[in-house]
Amino acid sequence: MLHLRLLTALLLTAPAAMAQDDLGAIFGKDSVRRDPVTSTFKSTRIINGQSNETLARGDLDFRVAHRFGDIGGSGGGSSTFFGLDNSTDIRIAFEYGITDRLTAGLSRSKGNGNFSQMWEVLGKFKLLQQTHDNRVPVGITLFANAVVSSMKSSPDQADPNYFAKFSDRGSAVAQLVISRKFGEMVSLALLPSFVHRNRVGFKDMNNMFAMGLGGRLRFSKRVALVADYFYSFRDEESKDYYESRGTKFYNSLGVGVEIETGGHVFHLNFTNATAILENQFIPETVSTWTHGQFRWGFNISRRFSLGGR
Amino acid sequence: MPALLALCILAACTSEQAPEPTANADCSTVNVTAARIYEIVQQHCTNRSCHPGTGSPLNADFSTPAKLKNYISTNGASWTFRVTGAGADMPQSQGYPPLPKAVRDSIACWVNKGMPD
């Protein structure tokens with residue numbers, strides 16, 4: 001009762017900003033206004049890139065991602081049923097929410113690029129969560145992975161997939177996902193990324209920075225348009241060398257529709273990237289939308305609650 | 001977990017770069033026949049249920065030597081890019097070991113000479 005009287009008095013007399021602080025003092029850190037913003041994205045991935053989302057504690061996420069062949073160009077068209085006869089990459093993953101902020105996972109991908117047969121261990125941690133009161137205006141999530149290829153070594157030392165030692169098979173990604181949800185309709189994410197590959201081809205780059213931009217535009221309660229784009233900072237010397245040998249690198253662009261169907265989040269998407277892992281699609285994408293080299297892909301996510309809540 | 005991962009990655013972190021690929025073989029001394037090239041294509045392509053006409057991709061049908069030649073004639077740039085070029089991704093993009101460089105060079109010479117029988 002005393003709280004009610006105090007609350008009424010505050011609401012009637014104090015400015016709004018003061019009221020906010022006093023409510024915070026009364027109700028402690030659980031004040032509604034300081035609640036973290038949720039569902040910035042509906043899934044842990046936007047399309048190719050990570051979203052800021054992590055799994056809830058005790059949730060196991062079984063994920064299957066698939067990228068078909070080129071829809072158009074010399075590898076597509078009606079003879080391949082617009083790429084559906086081929087698969088450029090397939091990833092099967094188990095990811096688990098250790099806490100509400102920390103996710104760990106294991107995956108196996110077919111791989112597409114210099115390496116194939118990719119085994120990944122990943123971790124994702126929510127460093128900051130956007131709050132409704134804008135005290136924390138953005139969410140920041142850290143993503144990192146380490147990947148090893150189990151493919152057979154090339155016999156030619158000049159090939160990037162010639163493995164003299166085990167560490168030649170490795171690569172890793174570190175990425176920040178800086179996200180903000182604007183109202184109920186629009187979410188954006190900026191993804192500064194760093195890719196390290198232990199062994200690369202001649203004049204390729206062991207270390208590469210990239211900047212990703214992702215977004216989600218919600219049409220209804222269950223359907224949203226999603227897109228992401230990664231700009232890779234490949235140096236001019238490397239670009240010139242590979243272009244002189246007939247290989248041109250492109251930035252990855254993915255657009256798609258996200259459909260929430262109860263326990264599933266279904267992604268129907270199109271992208272020029274042939275690979276699924278950041279370790280490959282950031283530095284090694286050689287297909288482009290303008291030549292019809294984009295493909296249908298999907299990410300299916302099925303979550304199982306294993307308790308812990 | 002990310003910190004632990006970062007530590008593991010740093011511990012296993014190396015930076016190796018492959019040596020420069022040697023120049024392509026001198027094609028004037030290479031004598032490769034269509035029959036030999038087709039053996040290579042059968043071993044690395046059609047016998048794995050790819051490119052045979054019964055599997056996919058149907059537009060890259062290598063089920064006979066004539067169809068192989070026809071494909072290369074009409075898709076030379078794609079063939080060079082994906083099979084014999086520096087960034088060739090066939091057949092490793094399908095999870096198989098890449099063609100040795102000597103084999104790629106021999107195929108390139110055969111194509112450059114006009115795919116002789």
Q. Which FRET efficiency value, to the nearest 0.05, do you get for A:THR261 and B:SER28 by plugging their Cβ-Cβ distance into 1/(1 + (r/R0)^6) with R0 = 51 Å?
A. 0.20
Q: When a/c is below 1.5 the answer is rounded, else prolate if a/b is larger than b/c, else oblate, so apply that to the range B:30-112 with a ≥ b ≥ c taken from the square roots of the Cα gyration tensor eigenvalues.
A: rounded
Q: Quick one: check the C-alpha center-to-center distance for the range A:184-253 versus the range A:265-280, whole angstrom.
A: 11
Q) Going by how many other beta carbons lie within 10 Å of each one, how would you line up A:LYS152, B:LYS101, fewest first? A) A:LYS152, B:LYS101
**Q.** Filtered trypsin sites (Lys or Arg not before Pro), the range A:73-138: DSSP coil and at most 11 other beta carbons within 10 Å
**A.** A:ARG135
Q) Can you sort B:TYR71, A:TYR231 so the residue with the fewest Cβ neighbours within 10 Å comes first? A) A:TYR231, B:TYR71
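Which order results if B:CYS50, B:CYS45 are arranged by neighbouring Cβ count within 10 Å, fewest first?
So the residues, fewest neighbours to most, are B:CYS50, B:CYS45.
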Q. What helices does chain A hold that run 15 Å or longer along their axis, going by alpha-carbon atoms, with a Kyte-Doolittle average of 0.0 or more, using DSSP H for the helix calls?
A. A:2-13, A:16-27
(Q) With just the Cα atoms defining each centre, how far is the range B:37-93 from the range A:37-88? Give it in Å. (A) 28
**Q.** Per-residue average of Cβ from other chains inside 10 Å of A:156-164
**A.** 5
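Where a number appears in this text, it was derived from the coordinates with a stated rule and is not lab data. Note that the structure is predicted; figures quoted are calculated from it, not measured. As a convention, Cβ positions derive from the backbone with ideal geometry for all residues, glycine included, and neighbour counts pool all protein chains shown.
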